[in-house]
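Everything on this sheet refers to the single structure shown next.
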2 protein chains.
Amino acid sequence: MINITFPDGVIRQYENGVTALEIAKSISEGLARKVLAAKVNEQVWDAARPITEDASLKLLTWDDNDGKSTFWHSSAHLMAEAVENMFPGVKFWVGPPVENGFYYDMDLGDRKINEEELEYLEKKMSELAKQNNSYIRKEISKPDAIQYFTEKGDEYKLDLLQGLEDGKITFYTQGNFTDLCRGPHIPNTGLIKALKLTNIAGAYWKGDERNKMLTRIYGISFPNQKELDEYLHMLEEAKKRDHRKLGKELGIFTMDDDVGPGLPLWLPNGTIIIEELEKLAKETEEAAGYKRVVTPHIAKESLYLTSGHLPYYKDDMYPPMELEGVRYYLKAMNCPHHHKIFAAEPKSYKDLPLRLAEYGTCYRYEQSGVLFGLMRVRCLHMNDAHIYCSKEQFFEEFKAVNDMYLKYFAIFGIEKYVMRLSLHDSAKLGQKYVDEPQLWKETEDLVREVLIKTNTPFIEVPDEAAFYGPKIDVQIWSTIGREFTLATNQVDFAQSRRFKLAFTNKDNQPEIPLIIHRAPLGTHERFIGFLLEHYAGKFPVWLSPVQVKILPLSDKFVAYANDVKNKLRQAGIRTEIDERNEKIGKKIREAELSRVPYMLVLGEKEMNEEKLSVRRQGKGDLGQQSIEEFTNIIVEQISERKG
Amino acid sequence: MINITFPDGVIRQYENGVTALEIAKSISEGLARKVLAAKVNEQVWDAARPITEDASLKLLTWDDNDGKSTFWHSSAHLMAEAVENMFPGVKFWVGPPVENGFYYDMDLGDRKINEEELEYLEKKMSELAKQNNSYIRKEISKPDAIQYFTEKGDEYKLDLLQGLEDGKITFYTQGNFTDLCRGPHIPNTGLIKALKLTNIAGAYWKGDERNKMLTRIYGISFPNQKELDEYLHMLEEAKKRDHRKLGKELGIFTMDDDVGPGLPLWLPNGTIIIEELEKLAKETEEAAGYKRVVTPHIAKESLYLTSGHLPYYKDDMYPPMELEGVRYYLKAMNCPHHHKIFAAEPKSYKDLPLRLAEYGTCYRYEQSGVLFGLMRVRCLHMNDAHIYCSKEQFFEEFKAVNDMYLKYFAIFGIEKYVMRLSLHDSAKLGQKYVDEPQLWKETEDLVREVLIKTNTPFIEVPDEAAFYGPKIDVQIWSTIGREFTLATNQVDFAQSRRFKLAFTNKDNQPEIPLIIHRAPLGTHERFIGFLLEHYAGKFPVWLSPVQVKILPLSDKFVAYANDVKNKLRQAGIRTEIDERNEKIGKKIREAELSRVPYMLVLGEKEMNEEKLSVRRQGKGDLGQQSIEEFTNIIVEQISERKG
């Protein structure tokens, strides 16, 4: 018998050689049907692989990232089987899972696959899936493996084999297809209920352009048709909502070759959104007792040697400028500057918690190839702040930060989110993690308590904390179901020491403050990119660059339109008039297209009665209102940030 | 007879050999008494020097910078005379006028001058001044000049003589003192009615530390005692109001060695002032139809090659960062980025005037030696904007900019200011100035017209325009009478061409816009430095980091103090409580020292009657007010930016 420890700490005994799948079945058949793989002693295994010693066990399903990856990797094998069936003699390179789905690189000789063939391949894959073939793992000696692929004539797999150690080589077989693979895989092909091959591309062998160009086929698969349908719909929506397309159409930002890649220029409409977001952040932070600071965008090398960012983070920073024999760096983060402000004057417990906030602009080097619209940039306007507090204050401070996140989620209609709480591994204290066992335990417990008490959805990820403390990665989903990493929240008990930060406590002794790094709205770049997709460019009234567009029916009503405009502007409503000599239908169409939330159609009747005919973008005519009624509604929508 | 042309264009005839002083006398004795020197054919001359050909003439008085410089240079000679009288055998190096006053470098052998001797020197100078000796110019041959100083044994003057061309050497003599000097000088010593020797310092000969250390005596002089008294008072006040001292005391900014010289870190109190100034600018610019943009702090080298800043301006910029084979520069100005935004989308006459505003942060290299608090820095937060307009729109746009300056001067109580209008020289078109004679004339005329029509005090400075258009340097004076350069206003008809900026005019033809560069509030750094001195740290209510300090008489009244604080904060008033267990006298004293404009003393009576005992900083008790009364007064002072 062996002891199996479950995630909740419960230990049960099983026969030696039991599989995760059998254990799942012993719990419930329903559960067993969902098991894709298992984490055995922190390693992802086949669910069907016998366990032969005491072990910790976590069953992995579609809801686990490792479960999904295994599912997609097995789908790549399924695709390879279908390809081999269709194109005998094809040679395979590698077929990994990716963020969304999988691909396989292959050498098809001179053949090119067309759309029709891709559809045929899809059908073939579905057929093979229905055969419900098991993925069978087999350990094999290196000579036998070499013999197998030599006979098959697959020089790519032989190349792979060269780098592998004898005794650690495995083959996986499902149906008629056998692959060199370290696994793991899902139990059987029948679990793959829905799939789609999404793209064909060329890819140089080993990514080296001097090598042969292989064919790469991308696909995605799901455990049911509904999820595939939703995914395809999401893709279609995402295309319509592409933030680069909307950003251009709505005058949000532009890029310029002479300025440089990854360095957006914010146009007037984008700047209005930036300023509204900053206003929200400043109001919120002011009410939460933050103090604002402003720091330069550069600093001497010595600052980043003190902080420890140099030399470790150097590759992510812009290269230095050398002046008067001193190297200056563009800041890639605001923390060191804020620490210097903390240190500028002696602090006592009465000064704590000290919360220093700055919409600091940081510069980070990202390779040209990965830059992407506003999502991956080199210039980052961060909603940054650092909270310096005592251990006793930590719980309240961290809770307040968490509450701020939840407040923002409500304002922006972000309904799906999860906090990934990354914890330390006590075995690695002093190496991967600062050697402060007590502080790790205390802060991790307090952070967890905050998340539980506030009903915040979270998952725990062991051994992924920052060097200097536990961290929370905040994942959010847009209305069309795409996932974004919004921000990172970090607890820090190392930087205070590096910068010799201290305060005098109540016992008149020097004490080292804890630091919370937080940026709930992330960066303007990423957040506005997210909002463009999330709202499909139809921003709520308070964020809309133009809030009201007045559409006079003809020249005759332009004077009245100006009256109305002045009144609305006096109430702080961003208003424009379309004075062009165009048909009202065209004016409405264009205002709709530019996503202005409210349109006011003004003609004879409206002018004589001092009324407005109000239209809401996407919703049509709302009927007549007086200027005062309308103003009150809009002012309320703006001040409440609703509507 | 010769023709003399006066500044107003009038031409009069005079005897050949007439002097400026004689011409002045022929106009009025009063005027003649004020003449210090004269500009003859654009060169500054002795007022007593005969004019022997047709010439343009401008009489120079104390009100002209050239008049002042001549006065101070003559005062340096007067000081030298007194020194020689007191220390026979002294040798002199050079004695120029400086921004405020003059100095003379001299070799006193092993002697050191003490305070008493300095006072004696002052008295001696006054005595000599009263002798009313003329400054007499004498042309002398180089051999004779060498002989004179060889006999005198003054190797310093002999060194100077080496570099001079025979035939262009002059001596000046007043009383018993003769100096090698190209002049000019004032007519006689009697004009120097008041003087003060302000400082003694060491100065290496020729500024080279391997040379002998000479003695440098600084002084200042005036045409009357009143001006000297005012100047000395101003110096004393300036010392008390030193922005570096106040900046530290009031928590406005700090500097840090690890961040770098000239790179201020703005502390919470300073950041409040920054944000209030930005709020004012944004409101004002919004009302004036500006649109805001946000641009990165760096750009590729190619942007600055297009703009022409490279290579000419290179020494004033931070050195480049080289990334992926491309040089990036920190921006030293915002214009090129704004031009790129103008160019991002096609423009028509309907889009003009386009006014793009940004509180852009620029970085400029200033030598370590000249850095000075907030006044000379390397990081500049600029109240920047660029106005793109047609020629027809130029007058209105320039006038609106000028009006904005005047509005700001009124808000900040800046009563003395002058616009220095720098014009081109038509002889240098195509070399020093863009070859657009018509545009130069038109824009210079329009700018002048704006200044005249708006009653803005201004002076014209020929041949000092920018390469690309006329410019206005805005000089302001703080309440204690110190002069500051606030900002520069420029008209630009060259950058549009370099960036190929154009708009489609009403005739459907491409047309090149004019550009106005403007930054009425200058940079945060310099303007806040100025305001610290101007207000002696006693900011008006709207700018005060803390607007109200509540001083409860004892613990018993802290709850009531919190009530009051919450009410005030809800009304947007920055309020703090001094909860310390200290005597009320001490609390008041410290609140006074920290320049909080209002203090509220709360005790039994105030609590029972729900009243406040109000004190104004520097003015004492204002009596009792209800919370509502007080709130209304403060809210009005804030929203009106008065009080």
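The values are calculated or read from the model by the stated rules, or taken from the named source; none is laboratory data. Not measured: the values here are computed from a predicted model. Backbone-built Cβ (ideal geometry, glycine too); neighbour counts: all protein chains shown. Surface accessibility is based on the protein's heavy atoms, side chains included, excluding ligands, DNA and RNA. Shrake-Rupley method; radii C 1.70, N 1.55, O 1.52, S 1.80 Å.
Which distances, shortest first and in nm, link A:GLU115 to the matching position in the other copies, using label points set 7 Å out along Cα to C-beta?
Reported distances to equivalent positions: 9.7 nm.
How would segment B:346-421 be classified by its alpha-carbon gyration tensor: rounded, prolate or oblate, with rounded meaning a/c under 1.5 and the a/b versus b/c comparison settling the rest?
Oblate.
If one takes the longest principal axis of the Cα atoms in chain B, at what angle in degrees, from 0 to 90 and to the nearest 10, does the Cα axis of helix B:558-570 lie?
Approximately 70 degrees, to the nearest ten.
Under 8 Å for C-alpha pairs, at least 6 residues apart: give me the relative contact order for segment B:582-643, rounded to a whole percent.
Relative contact order comes out at 21 percent.
Counting only other chains, what is the mean number of Cβ atoms within 10 angstrom of the Cβ of each residue in peptide A:295-308? Working shown, then result.
Values: counts 8, 15, 8, 9, 6, 7, 2, 4, 5, 1, 1, 1, 1, 0.
For this peptide, the per-residue mean of nearby foreign Cβ atoms is 5.
So what's the back-of-envelope 222 nm ellipticity for chain A, counting only DSSP H runs of four-plus at -39500 (n - 2.57) apiece and dividing by all residues, rounded to 500?
-11000 deg cm²/dmol
Using a label position 7 Å from Cα in the Cα→Cβ direction, what is the ascending list of nm distances from A:LYS586 to the same site in the other copies?
Copy-to-copy label distances for A:LYS586: 7.8 nm.
Quick one: of B:LYS399/B:LYS619; A:LYS567/B:LYS279; A:LYS340/B:LYS556, which pairs are farther than 28 Å apart, Cα to Cα?
B:LYS399/B:LYS619; A:LYS340/B:LYS556
Among DSSP beta bridges lying fully in the protein assembly as shown, give the percent that are antiparallel, nearest 5.
Percentage antiparallel, nearest 5: 85.
Rounded to a whole number, what % of the accessible area of segment B:2-61 do carbon and sulfur atoms account for, probe 1.4 Å?
It is 49 percent, rounded to a whole number.
Hey, got the average number of other protein chain Cβ atoms within 10 angstrom for residues in B:251-263?
6
What do the square roots of 5 times the Cα gyration tensor eigenvalues come to for segment B:72-240, in whole Å, largest first, as semi-axes of the equivalent ellipsoid?
Details: eigenvalues 141, 76, 41 Å².
After diagonalising the Cα gyration tensor, the semi-axes are 27, 19, 14 Å.
Let me check I've understood the local charge: for A:PRO223, count other residues with C-beta under 10 angstrom from its C-beta, Lys and Arg +1, Asp and Glu -1. What total comes out?
Net of charged neighbours comes to +4.
I want the antiparallel fraction of DSSP beta bridges within segment A:541-639, as a percent rounded to 5.
Beta bridges within segment A:541-639, antiparallel portion: roughly 55 percent.
Once neighbouring chains are kept in place and the probe is 1.4 Å, which whole percent of the accessible area of segment B:72-240 is contributed by carbon and sulfur? Display every interim value, and only then the final one.
Values: 4150 of 8840 Å².
Of all accessible area on segment B:72-240, carbon and sulfur atoms account for 47 percent.
Taking the Cβ of A:ALA502 as the center, what net charge do the other residues with Cβ under 13 Å away carry, scoring Lys and Arg +1 and Asp and Glu -1?
+1
Quick check on segment B:6-127: take the gyration tensor over C-alpha atoms, sort the square-rooted eigenvalues as a ≥ b ≥ c, and tell me if it's rounded (a/c under 1.5), prolate or oblate.
prolate
Shielding by partners for B:323-334, please: the mean number of other protein chain Cβ atoms within 10 Å of each residue's Cβ.
Mean partner shielding for this stretch: 3.
Taking square-rooted eigenvalues a ≥ b ≥ c of the alpha carbon gyration tensor, is segment A:431-570 rounded, prolate or oblate, where a/c under 1.5 means rounded and, failing that, a/b exceeding b/c means prolate?
prolate
Between beta-carbons, use under 11 Å as the cut-off and find the net charge around B:ASP316, counting Lys and Arg +1, Asp and Glu -1. The partial results should precede the final answer.
Working: positive: B:LYS314, B:ARG364, B:ARG378; negative: B:ASP315, B:GLU366.
Taking every other residue near B:ASP316 into account, the sum is +1.
Angle check, please: helix B:627-640 long axis (alpha carbons) against the longest principal axis of chain B (alpha carbons), in degrees 0 to 90, nearest 10.
40
Could you sort A:124-130, B:472-478, A:344-350 so that the peptide with the highest average Cβ count within 10 Å comes first and the rest follow in order?
Most protected by this proxy first, the peptides run B:472-478, A:124-130, A:344-350.
How large is the convex hull of the Cα atoms of chain A per residue, expressed in Å³ as a whole number?
Spread over its residues, the Cα hull of chain A gives 224 Å³ apiece.
Excluding ligands, DNA and RNA, what is the accessible area buried between chains B and A, summed over both sides, using a 1.4 Å probe, to the nearest 100 Å²?
Values: alone 31570 and 31580 Å², together 58550 Å².
The buried area between B and A, both sides summed, comes to about 4600 Å².
Given Cα pairs under 8 Å that are at least 6 residues apart, what percent is the relative contact order of chain A?
Taking the mean separation of contacting Cα pairs over the length of chain A, I get 8 percent.
Might you tell me the accessible area per residue for the protein assembly as shown, computed with a 1.4 Å probe and given in Å²?
46
Counting only residues 5 or more places away or on other chains, whose amide H sits under 5 Å from the amide H of B:ILE169 once H atoms are built in the peptide plane?
Result for B:ILE169 returns B:ILE140.
At A:LYS240, with labels set 7 Å past Cα in the Cβ direction, how many nm apart are the copies from this one, shortest first?
Those separations, rounded to one decimal, come out as 7.0 nm.
By how many degrees, between 0 and 90 and to the nearest 10, does the Cα long axis of helix B:115-130 differ from the longest principal axis of chain B?
The two axes meet at around 60 degrees.
Cα centroids of segment A:254-303 and segment A:314-335: how far apart, whole angstrom?
Computed from Cα coordinates, the inter-centre distance equals 19 Å.
Taking H placed 1.01 Å from N in the peptide plane, check which residues at least 5 places from B:ALA194 or on another chain put their amide H under 5 Å from its amide H.
Correct list: B:PHE222, B:ASN224.
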